[in-house]
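**Student:** Take a look at this one; I'll ask things after.
Values quoted throughout were computed directly from the atomic coordinates according to the rules given, and no laboratory measurement underlies them. The structure presented is a predicted model; accordingly, all values stated were derived computationally and were not measured. Note that we place each Cβ from the backbone using ideal geometry, even for glycine, and neighbour counts take in every protein chain shown.
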Amino acid sequence: MRTRLNIERVAGQGDGVARGAGGAVFVSLTLPGEVVEADVEDGRGDLVGVIAASPDRATPPCPHFGDCGGCALQHWTDGAYLDWKREQVIHALGREGLEAEVARTAATPPHARRRVALHARRRADGTVALGFKARKSWRVVDLRTCVIADPRIVAALPALAHLAAALFEHPKSAPSLHVTATEAGLDVDVTGVERRTGGGLSGDARARAIAAAQAADLARLSLAGEVLVMRRPPVVTFGRARVVLPPGGFLQASPQAEAIMVAEVAGAARGARRIADLFCGAGTFTFPLAEIAPVLAADAGGDAVAALNAGRRTASGLKGIEAQTRDLFRRPLSPFDLKGVDVAVIDPPRAGAIEQIRQLVDARKIERVAYVSCNPATFARDAAALVAGGYRLERVLPVDQFLWSAHVELVATFRR
């Protein structure tokens with residue numbers, strides 16, 4: 001039903017919210033204060049037109065915006081958009097009864113995203129569409145440009161589409177190319193290839209994929225973690241160390257956001273005697289922290305910990321690193337394991353880490369906690385447990401790592 005709506009706010013997923021006859025209506029690509037016309041069904045509205053625009057409405061910089069589902073908020077001016085992200089953190093804390101100094105959102109620039117997941121779909125004519133999924137659809141938007149991605153990734157889009165053409169032997173294959181721009185070039189790990197008897201691709205298909213990777217001068221090509229070809233080790237720098245990422249390994253999406261978060265974490269750890277780096281990955285925070293004090297690092301990813309340990313051999317002048325493979329959800333570090341630690345840094349997945357947080361509360365000698373989160377809701381839950389256990393939430397810094405999306409990263413500092 002076509003309806004005229006007054007948009008009141010933007011919800012946590014980036015949709016404008018209006019009051020309709022049946023309750024809240026969520027309309028994409030709208031802003032607070034706007035009057036719009038939308039086709040409404042089951043609480044969702046498809047925008048037909050903007051009758052009265054917000055003064056904060058901006059011209060989207062990307063020609064794919066509105067169709068591509070990769071960005072949700074390019075139509076919002078920077079100041080209002082960054083303020084909204086800060087408010088998401090404040091609201092999440094408020095739901096847990098918490099208050100703290102929440103700094104202004106730290107911005108990151110366009111063309112900085114060095115890690116993207118591109119979906120490939122084969123068309124009826126045999127050509128390949130490569131890009132992000134369309135808004136509210138399984139269709140893939142065939143990208144010609146991308147204003148969030150590192151220019152090296154954008155320049156390689158035609159070559160990556162050519163590579164993807166070798167991955168459709170099985171009719172159920174729906175490949176995704178996880179592309180990371182490293183200091184040695186692009187690292188690509190492919191998932192979503194249907195497994196055949198004896199492997200995911202035939203020898204001929206592997207040969208075509210390898211030839212395409214070499215023609216594109218990729219640093220490395222892997223298939224679900226199995227290296228198919230490596231011309232150069234895909235290296236990144238963490239602090240003083242040079243680390244070769246494992247295939248498909250985690251890396252902060254933006255180097256600018258990483259630098260902001262590393263500086264905030266290092267400031268929280270200043271003066272520490274011994275530091276625990278929990279969910280350490282390949283050492284994003286470990287190596288900068290080891291310039292301050294000895295570090296106990298732990299993560300469930302054995303490949304990541306192995307990469308961290310190999311990176312130790314490239315760095316000098318560090319205070320010392322003890323790294324271990326450990327599932328911190330099933331076996332969180334106990335107060336006994338944390339003996340001697342006075343500062344803990346924790347960077348869990350979106351689910352948070354409530355069991356490990358409870359162990360930090362019980363480790364009475366830990367004076368400070370720096371918490372890095374990509375999910376304000378689970379962060380606020382864990383923060384409430386820390387506050388109930390005797391910590392004070394001193395400061396929260398929101399970071400706009402995922403530009404023009406509804407996601408917000410943050411770094412928080414707690415003191416016992």
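**Student:** Kindly provide the helix-only [θ] at 222 nm of the chain, computed as the sum of -39,500 (n - 2.57) over DSSP H runs of four or more divided by all residues, to the nearest 500 deg cm²/dmol?
**Tutor:** -7000 deg cm²/dmol
**Student:** Among ALA156, ALA290, ALA383, determine the one that fluctuates most according to a GNM of the chain built with springs between C-alpha atoms less than 10 Å apart.
**Tutor:** ALA156
**Student:** Read through the labelled values (i) 154; (ii) 245; (iii) 124 and report the label of the one computed as volume of the Cα convex hull per residue in Å³ from the structure.
**Tutor:** Given (i) 154; (ii) 245; (iii) 124, the structure-derived one carries the label (i).
**Student:** Also, quick follow-up: Mind checking the dipole of the chain: about its Cα centre, +1 per Lys or Arg Cβ, -1 per Asp or Glu Cβ, Debye to the nearest 20?
**Tutor:** Around 820 debye, computed over the chain.
**Student:** Once R0 is set to 45 Å, what does the formula 1/(1 + (r/R0)^6) return for the Cβ-Cβ distance between THR3 and ARG358, expressed as a FRET efficiency to the nearest 0.05?
**Tutor:** 0.40
**Student:** Also: Under 22 Å Cα-Cα from LYS319, which lysines qualify once same-chain neighbours fewer than 8 residues away are excluded?
**Tutor:** LYS339, LYS365
**Student:** Same structure again: I'd like the Karplus ³J(HN,Hα) series for segment 348-362: coefficients 6.51, -1.76, 1.60, θ = phi - 60°, whole numbers in Hz, and an x wherever there's a Gly or Pro.
**Tutor:** Ordered by residue, 3J(HN,Hα) equals x, x, 4, 6, x, 7, 4, 5, 5, 4, 4, 5, 5, 4, 6 Hz.
**Student:** Under 1.5 on a/c is rounded, so check that first for segment 115-235, then, if it is not, pick prolate when a/b is larger than b/c and oblate when it is not; a ≥ b ≥ c are the square roots of the alpha carbon gyration tensor eigenvalues.
**Tutor:** In terms of gyration-tensor shape, oblate.
**Student:** I want to verify a result. In a Gaussian network model of the chain, Cα cutoff 10 Å, which of these has the top mean-square fluctuation: HIS170, HIS75, HIS111?
**Tutor:** Among HIS170, HIS75, HIS111, the largest mean-square fluctuation in the Gaussian network model of the chain belongs to HIS170.
**Student:** Next up: Assign one of three labels to segment 2-57, namely rounded, prolate or oblate, based on the Cα gyration tensor with a ≥ b ≥ c the square roots of its eigenvalues; rounded applies when a/c is under 1.5, prolate when it is not and a/b is larger than b/c, and oblate otherwise.
**Tutor:** Verdict is oblate for segment 2-57.
**Student:** While we're looking at this one, here's another question. Net charge around GLU394, counting only other residues with Cβ within less than 10 Å of its Cβ (Lys, Arg = +1; Asp, Glu = -1)?
**Tutor:** For residues surrounding GLU394, the net value is +3.
**Student:** Which of the trypsin sites (Lys or Arg not before Pro) found in segment 259-326 are in a DSSP loop and have at most 11 neighbouring Cβ atoms, other than their own, within 10 Å?
**Tutor:** Filter output for segment 259-326: ARG270, ARG313.
**Student:** Would you list which lysines come within 24 Å of LYS136, measuring only between C-alpha atoms, while excluding same-chain residues fewer than 8 positions from it?
**Tutor:** LYS85, LYS172
**Student:** Could you give the nm distance between label points at ASP39 and ALA207, where each point is 7 Å from its Cα heading toward the beta carbon?
**Tutor:** 5.0
**Student:** Got a sec? Which residues in segment 345-382 would a label at ARG95 touch, if it sits 7 Å along Cα→Cβ and we count backbone N under 18 Å?
**Tutor:** Residues 349-354, 373-382 qualify, since their backbone N sits under 18 Å from the label point.
**Student:** Antiparallel as a % of all DSSP beta bridges within the chain, to the nearest 5?
**Tutor:** Approximately 70 percent, going by the DSSP bridge assignments.
**Student:** How would segment 252-410 be classified by its alpha-carbon gyration tensor: rounded, prolate or oblate, with rounded meaning a/c under 1.5 and the a/b versus b/c comparison settling the rest?
**Tutor:** Verdict is rounded for segment 252-410.
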